[in-house]
Structure formats: structure tokens, C-alpha cells
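Participant: Pasting in a structure now, in C-alpha cells, and then I'll have a few things to ask.
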Amino acid sequence: MPRKLILGLALAWCLQAFLSELSLGLGGYDTRREHQMTPAFWRFGTAPVRQLEQCLADVRANVPPGSFVAFTSPSGAGQADFFRLRWVAYRLPEMEVIPLYSPSAAQYAQYLIDYRTGFQHSLLEPMRPVRNCKLYRVRRP
Amino acid sequence: MSLIVALALTLLLGLLGSRFTGRLVRPEDGALYRAVLGLFAGCLVFHAAMVLLDAAGIPWSRLSLFAALVPVGLLAHALLPRAPERVTQPLDAGGWGRWGWGDNLALFALLAFALFSLALWIVMPDFVYHWGVKGARFFYDRSIDYAYLSRGWNWPINPDYPTMLAEIYASVALFAGRFDESAMMLIGVVWVAAMLVTVRETLRQAGAERFVRQAAIAVVALSVATFGLGHIMGGAADWMIVLALIAALPPLLAPLSRTTDLQIGLVGAFAAASKTEGVVLAAFLILVQLARHALPRVWREPGWLWRESWKTGLRLGLPAAAVVLPWLAAVRFQHLYHPLKSGPFDWERAAVIGPALLRVFQIDSWHQIPWCLVLVPLLWLDRRVRPVAAVVTLQALFYLYVYFTAQADVEYLVLTSGPRLLLHLVPAVLTLGAVAFRWKSPVI
């Protein structure tokens, strides 16, 4: 009897934990379009991810596969720029995505995606407007 | 369409692997455990084919994959022995294999995890940061793109990790024609489902009574689904480590035999091909099984050590070596190793690691479930489950060792990696706890 009681209590505990996470998960899923999370906690289908994906869809239409593309975005709490960059690299697997802060960017970058920083440089040539970000071609001297 | 492709691919890999597992199956192994062993063998044959095609400079395509795998499967079918017929145990006849209320709860938990995974609401961030991006890149490049992996700015994608999972993702995309995240999530669900059927098989073979078996399968399934939902673990490669450790339970709990050695060898190879933690797990599985052979003979048959132990070592270690050596060569010669990952052992970190681990055990998404690990020292007292307790202990000590040596912000490292590393161990400990609850004569 005691062992059945122990197992029963363990089962009850796990069941309430599961139902609690299920409820949280359903609540989060239902309101996913309003989520405004820091990039470290981004999930598919949330507003910030969809905005970035719109930018990247336009980039893909304008930049040939195999290109070296530098990316910059505002730094922020929780290494926001780092995690944004990881999403960009995931969404553009056919390109080489380099963080603008990498020393390699100056050497390799052929294009620059500026995600809301207003970055300026004399070698940057604006390309056609894209949604939610700016796209530049890097002029080589 | 992509979902059907992912499902079909895993079934085909299982079918292919089943041609190789004739000598790896014991008569008392159930049908679903045989299928899990077949899936392991199929994944490893597939991995070998992908690596060899890549090394030969042949781009991955539907045709090249078929050309590599179909003849291998046909040859194995023609030449290798069939698995022995299944022996129905008296316990099976007593209704022990029947579906029950615990199985229903486990299925419910699995379905919830699957639905959230396929809806992409619980995609693990690591899928975006490295597993997924590698799979998508390999799909785009039709090969293991070492140039991409070795770029200095790509260090966050963990270029030095084993590549089997990324190859599976790339091949699903190859057959589906596009990289679809939901299909990749389905692969993760397959690992979880395989893990749950193996838990069920372990409990059946261990002779756990019906109530214990039903309660235990439900507890394990609800625990991992709770953490999977709360800690967003859809598509995590960690499920492969969880599966490998669970799949090692039947042979580690069974009496020693050539077949159980081969099973451990297969499981170790699968773990090693999955993730870096899996390479270490493979080493511990092999070490513990070897110790099971050697320790009783050290005094009684000292000659065994030099006469026979190397044969046992080969049975146990050859499959894992076949996976690990090419991987190490790639890491070495493609310059993939990240030199800042390991440093000297620093005891003073204990002051940081201890409190951080305490927070990890109490993290919301785990709901206090990892405290079951305090059972591990008690499991050492049970002679039958001691080998598995040893593997769990060694793996936990390895994770601690990493925390004491890694060149990183150790508190951040513990807090971010600790919860998912606990996942590797918790299902095995819960299952072992139930096995130690046995009150009837075991089958194995």
C-alpha cells in the first residue's frame, strides 16, 4: 500500500505540473501575435519574428545566394543584437551572415542589412527599400 | 507533405536498420524495442552514407542517397541473419503487455508535446541557433559545408558538434523539396515516442507489476512533456541523449551476454553521433558494461583480462569508434574545435556552481521533478540497477566537471544549460526507481 501511495502522489504531482504547463502553453499560443519579447526569447509566429522575416524575405529577393551579408541591429538587454543575428543566419542559410562587429565584416561583406540602427558609412550604397530594415550594397574601392 | 516525408524517412530508416539488427536482438526483446534498435542502426547507416558521400565529393541528392542506401539494405537483407523469434514471457501472458491507463496518460502527454512542437510554439532556441541552421545550410549546400562551419564568425553554431541530426534534417528537406520546421519538429517527436516505448519495454522486461508499470510510464511521460512544454524543448537534440540512455537500460539490466554487448555498442554509437554529450555517454556505457564483465573475473579468472577482454571491448566500442573517429578527424582537419571551451579545473567555482544548481533544480519549468536525482545514491544499493546508476552518476559528474573547467561565465552557463542537462538523466532515474520497485521475479 505505501508504495502505491508514493507512486500515486508522484503521478498526481506530475499530472498537475503537466496541466499547468499545458495551460500556460495554450495561453501563450493564443496570444502569440501580441508577444513582444526580447530576442533571446523569440518564438516562431510572434510579432518581432514576423517583422524580421518580412525584412529577410525582401533581402532574399534582392541579394543572390552565396553572398556575404553583414547584419547590424540595436544592442540591448540580454544580448539582443546577438540573438537577432542568430535568427537572421537561420533564415538566410543560403548566405554567409556576418555580424557587423566582426573584424571579418570589413573584409568580406558585400551587402549590409541594417535592422533599425541608422548605421552610416561612405562605402554603403542604398538598394531598393525593403520592409522593416534597410539594405545596402557595399562598394569596394 | 514535409510531415509525411519526415515520418516516411524515419520509418524507412527503421526498416533499413532492422536488416542489421539480427544479432542485436534477444528473444525476450519486445517488438517496439526491436524497432528502436532498428531505428538506431538505420540512423547510423544513413549517417555513414552521408559522411562517405560527402568525403567522396558526391553531392547529396535523392538519387545519390538511394544509390548509397538501397544496395546496402538489400545486401544486409540477403546476407545478415534474421532476428530471433520473440519469446512470449509468462508475464506477457498475464496481461503485462496490455495497454492501460498509464499508457493513455503517456499518449496524451506525447500528443500534447507533438502538437505544440508541430505548431512551432515550443521550438527550442538551439534549433534556430545551431541545429536548424546547420540542417538548412547542409540542405542548401548538398553536403556537410565545412567551409561554412569553420568561418570564425560562425562559432555560435557549435561547428565541432557531431552532424547526424543536421544530416537527417537536410535529407528530410531534400526529399520534401524545402526546409520545413514542422517536419524537423516531427523528428524530435519520434525521439520522444521511441524513448517512451523503451521505458515501457524496460519496465516489462524488469517484471514490474502492472500498477507500477502504468504509473511509471505515466510519470516519465508527464515529466518530460511538462519540461518539454515549459522549457520549450521541441526539436532539441537533447531528446536523442535521453533516448540513448533509456535504450541502454534493457541491456544494462539484463544478464551479460554477447547480444547485450552489441546492444550497448549500438546505443553508444547512436549517442556519440547525436551530440557531444553523447560521445561521453557512449564512453561511460562502454566502460560500465566492460566493468560488469571484468570486475567479477579480476580474482577468479585473471587471464580473462588479457585473453578475452579485448574481444568484449571491440564488441562494445567498435560501433562508437566508427562514429567518433571520422568526427574527430573532421574537427581536427577542418579546424572546427573551439579552443576556449575548456580550461583548468577551478575548485573555487563551487561557490557559484552550488547556488546556481540549486536554482536550476527549482526552475519553474521543472516543477521540482529533478529532485528525484537524490534517489541515485539509493539506486547504487540495488545490485541489479547499479550499472545504470553508475552511468547516471558518471554522466552527472562529467557535467559538473565541465562547469568547473569551461571558460565561460559559469553562473550563466549553469543556469542556461543545467535544466536541459537534467533532462538527460531524470527519465532514466524515474524509470530505475520504478524498476527498483519490483516485487515479482524479473524476466531479465
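The values are calculated or read from the model by the stated rules, or taken from the named source; none is laboratory data. Keep in mind that what you see is a predicted model, and the values were worked out from it rather than measured. Positions of Cβ are generated from backbone atoms using ideal geometry, with glycine treated the same way; all protein chains shown enter the neighbour counts. What goes into the accessible areas is simple: the full protein's heavy atoms, side chains included, and nothing from ligands, DNA or RNA. Shrake-Rupley method; radii C 1.70, N 1.55, O 1.52, S 1.80 Å.
Participant: Considering only protein heavy atoms and a 1.4 Å probe, what is the carbon-and-sulfur percentage of the accessible area of the stretch A:39-138?
Facilitator: The value for the stretch A:39-138 is 53 percent carbon and sulfur by accessible area.
Participant: Sticking with this one: Under the 0.36 nm per residue contour assumption, what length would be gained going from the current alpha-carbon distance of B:Leu378 and B:Tyr412 to full extension?
Facilitator: Full extension from B:Leu378 to B:Tyr412 adds 9.1 nm.
Participant: Per residue of the stretch B:423-436, in order, report the coupling 6.51 cos²θ - 1.76 cosθ + 1.60 (Karplus, θ = phi - 60°) as ³J(HN,Hα) in whole Hz, putting x for Gly and Pro.
Facilitator: Going residue by residue, I get 4, 4, 9, 4, x, 5, 5, 4, 5, 4, x, 5, 5, 5 Hz, with x marking Gly and Pro.
Participant: Ok, one more. With solvent modelled as a 1.4 Å probe, how much accessible area in total do chains A and B shield from it at their shared surface, in Å² to the nearest 100?
Facilitator: Chain pair A/B: roughly 4100 Å² of buried accessible area.
Participant: Turning to a different aspect of this structure: How large a share of the accessible area of chain B, in percent, is made up of carbon and sulfur atoms when the probe is 1.4 Å and the other protein chains stay in place?
Facilitator: That share works out to 69 percent.
Participant: What is chain B by shape, rounded, prolate or oblate, if you read a ≥ b ≥ c off the alpha carbon gyration tensor as root eigenvalues and call it rounded for a/c under 1.5, prolate for a/b larger than b/c, and oblate otherwise?
Facilitator: Rounded shape, in that the Cα axes give a/c under 1.5.
Participant: Checking the cross-link filter: which aspartates and glutamates have an alpha carbon closer than 16 Å to that of B:Lys275, excluding same-chain neighbours under 8 positions apart?
Facilitator: Here the aspartates and glutamates satisfying the reach criterion relative to B:Lys275 are B:Asp126, B:Asp160, B:Glu167, B:Asp238.
Participant: Follow-up question, since we're still on this one. Which residues, if any, in the stretch B:156-183 lose at least 30 square angstrom of accessible heavy-atom surface (probe 1.4 Å) when the other protein chains sit next to their chain rather than the chain being alone?
Facilitator: Buried by 30 Å² or more upon assembly, which counts only protein chains, are B:Pro156, B:Glu181.
Participant: If you don't mind, another one. Using Cβ-Cβ distances only, list the Cys residues of chain A with no partner cysteine under 4.7 Å, sorted by number.
Facilitator: A:Cys14
Participant: Pick out, from A:His35, B:Val323, B:Leu262, the residue whose Cα sits farthest towards the positive end of the charge dipole of the protein assembly as shown, with +1 on the Cβ of Lys and Arg and -1 on the Cβ of Asp and Glu.
Facilitator: B:Leu262
Participant: Determine the per residue accessible area of the protein assembly as shown with all protein chains present and a 1.4 angstrom probe, expressed in square angstrom.
Facilitator: On a per-residue basis, the protein assembly as shown sits at 42 Å².
Participant: For the modelled label position 7 Å from the Cα of B:Leu287 along Cα-to-Cβ, which residues of the stretch B:315-332 have backbone nitrogen atoms closer than 15 Å?
Facilitator: B:317
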